[in-house]
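Report on one structure; see the data block that follows.
The values are calculated or read from the model by the stated rules, or taken from the named source; none is laboratory data. All values derive from a computational prediction rather than experimental measurement. Cβ placement follows ideal geometry from the backbone for every residue including glycine, while neighbour counts extend to all protein chains displayed. Protein only, heavy atoms only, side chains kept; ligands, DNA and RNA dropped before computing areas. Shrake-Rupley method; radii C 1.70, N 1.55, O 1.52, S 1.80 Å.
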Amino acid sequence: MTFLSTLPNLRARLETDPALAAWFAEHYPGLPVRHLIGLRPDPDTETAVPADYFPYLALSRLTQKKEARPSRRREWKVSILFGLNDDRQEDGIYLGVQGIDELTELILDALEPQPIGTDPPVVWSGEADTRNDAGTNHPYYEGEIVIPVTLQVKP
């Protein structure tokens with residue numbers, strides 16, 4: 001079994017998280033949220049995904065730590081990209097920027113309660129690097145969370 005087998009499990013966790021589902025239902029009622037593994041670029045939106053994919057959450061594996069000798073532990077980084085299409089503004093606040101910040105916290109909360117995978121065991125340390133695009137592609141807003149995970153390979 002490889003690490004890639006855990007990405008569908010992680011996607012399922014985000015798809016079924018009650019707090020994330022409630023947030024999307026409240027802020028973007030009637031819009032389906034796309035939960036993807038991987039992305040494809042779109043020159044029309046100048047983002048990583050086509051305009052009709054918003055709102056979305058997309059997962060991918062970034063790197064594997066190279067080791068000099070065989071080991072049963074592998075360290076990986078997972079990228080969780082997410083985006084909103086929102087041209088609204090209230091009281092000088094672009095709601096897309098606010099939404100990306102709120103989604104960042106909700107996604108991190110959804111990852112905490114249990115291991116990411118059990119077959120093979122995949123553990124998140126709780127650390128995360130986060131970023132957002134600050135609305136440079138308004139009305140498309142995107143954020144990213146990169147989390148380091150450890151995979152315990154079976155002998």
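Each residue in segment 106-129 was checked for being in a strand (DSSP E or B) and in contact with a Leu (Cβ under 8 Å, 6 or more places away or on another chain), and 4 pass.
If you go through segment 72-103 and keep only what is over 18 Å from R61 (Cα atoms), out of contact with any helix residue (DSSP H, G or I) (no Cβ under 9 Å at 6 or more places or on another chain) and either in a helix (DSSP H, G or I) or touching a residue at least 12 places away in the same chain (Cβ under 8 Å) (or both), you end up with R72, Y94, G96, V97, Q98, I100, D101. Mind checking which residues of segment 87-100 are open to solvent by 30 Å² or more (accessible area, probe 1.4 Å) and out of contact with any Leu (no Cβ under 8 Å at 6 or more places or on another chain)? The answer is D87, E90, D91, G92, I93, Y94, V97, Q98. Among the residues making up segment 101-133, a single one is open to solvent by 70 Å² or more (accessible area, probe 1.4 Å) and small (G, A, S): S125. The one condition from (1) outside any loop (DSSP other than H, G, I, E, B); (2) of a type outside the set (D, E, K, R); (3) closer than 20 Å to Y56 by Cβ that A134 does not meet is (1).
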